[in-house]
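Structure first, then comments.
The values are calculated or read from the model by the stated rules, or taken from the named source; none is laboratory data. Computed from a prediction, not measured in an experiment: that's the story for all the values here. Note: ideal-geometry Cβ built from the backbone for every residue, glycine included; neighbour counts use all protein chains shown. These area figures cover heavy atoms from the full protein model, side chains too; ligands, DNA and RNA do not enter into them. Shrake-Rupley method; radii C 1.70, N 1.55, O 1.52, S 1.80 Å.
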Amino acid sequence: MLVQLTDSHLFGEPDTSMLGVNTDASLRAVLRQIDADGKRPDLLLATGDLSQDGEAAAYRRFAAILGQASVLAGAQIRCLPGNHDQPAVMRQELAHWSTPVTDVGAWRVVTLDTTVPGSNAGHLPDSQLDMLEAALAEAPDRHTLIAMHHNPMQMDSHWHDSMMIDNPQVLFKRLTRWPQARVLLWGHVHHEFDRRRHNLRMLATPSTCFQFSIRDGKHVVDNLAPGYRWIKLYQDGSMATGVRRVQDALWHTALAADNAQAA
């Protein structure tokens, strides 16, 4: 069992709110929901924007919050940077979680860094693409899940996305050489997405805090609750997946705690 958390947007200062959501409390609520759902992940993937301001304190608190979650006891944890992160700071503070290649059962999980300094958009440099191909070449008998922060395709045909990766076709062209590549997973977009592209299952996941959607060709904040994605990876290369959002009782408790603190 794999669980994806993404876009927690923690600040260096604890219990800071962004777009009306206390990002610490919201992350804790999502972890409580995972526990309530009875999920016991072997691997937790945090796919970028762990921090909003890239402060070392934010990464230390992210580690502390996950470390306090009994549902993650025994789970491997892997993270990758997003456009709001400071990759060097993240890797320094979370060095034990930053290994880019992890094997889980019959699967290999590869995490890519799509960040561009000073930009909200993404790019896959040759160094990351070469690392991916090496990981695929070294394990031809393993099914592979590839995780990154930025989306490699438009989420909505009526909205021009200037913040996705700028060279997705290079990635897709390389992946055509490797039939064991089964899943491409990302964060960044703050909403759910599930589509197939040839042999690839293409997945995006809600944020653990505030949500976005595309309405009438515009990018807007959505009032949906935060959530996570679970993925079951089977021996034969098949998979099952779904998104779970924080249920009303847990979400209202988190919001009430935030409001009480603000008062």
(message) Given the C-alpha atoms of segment 96-212, compute the convex hull and give its volume per residue in Å³.
(response) 126 Å³
(request) For the chain, give the share of DSSP beta bridges that are antiparallel, in percent and rounded to the nearest 5; count only bridges with both residues there. (result) 50 percent
(message) Over the chain, with the other protein chains present, what is the accessible area per residue in square angstrom, probe 1.4 angstrom?
(response) 42 Å²
(message) Run the simple label-point estimate for residue 57 and residue 198 please: 7 Å along Cα→C-beta, distance reported in nm.
(response) 4.8 nm
(request) Quick one: compute the contact order of the chain, relative version, from alpha carbon pairs under 8 angstrom and 6+ residues apart, as a percent. (result) 21 percent
(message) Given the DSSP H assignment, sum -39500 (n - 2.57) over each helix run of at least 4 residues in the chain and divide by its residue total; what's the result at 222 nm in deg cm²/dmol, nearest 500?
(response) -8000 deg cm²/dmol
(request) Only one of the values [x] 28, 20, 18; [y] 32, 22, 18; [z] 25, 22, 18 was calculated from this structure for semi-axes √(5λ) of the Cα gyration tensor in Å; name its label. (result) [x]
(request) Give a quick list of trypsin sites (Lys or Arg not before Pro) in segment 162-191 that DSSP marks as loop, anything other than H, G, I, E or B, with at most 15 other Cβ atoms within 10 Å. (result) 177
(message) Given a Förster distance of 22 Å, report the FRET efficiency between residue 16 and residue 223 from their Cβ-Cβ distance, rounded to the nearest 0.05.
(response) 0.65
(message) Using just the Cα positions, wrap segment 143-215 in a convex hull and report its mean projected area in square nanometres, one decimal place.
(response) 5.1 nm²
(message) Assuming 0.36 nm per residue, please report the length gained on full extension of the stretch residue 1 to residue 170 beyond their Cα-Cα distance.
(response) 57.9 nm
(request) Could you give log10 I(q)/I(0) at q = 0.12 Å⁻¹ for segment 34-103, computed by the Debye formula over C-alpha point scatterers of equal weight, without solvent? (result) -0.31
(message) Test of understanding: express the Cα radius of gyration of segment 40-162 as a ratio to 2.2 N^0.38 Å, with N the residue count.
(response) 1.11
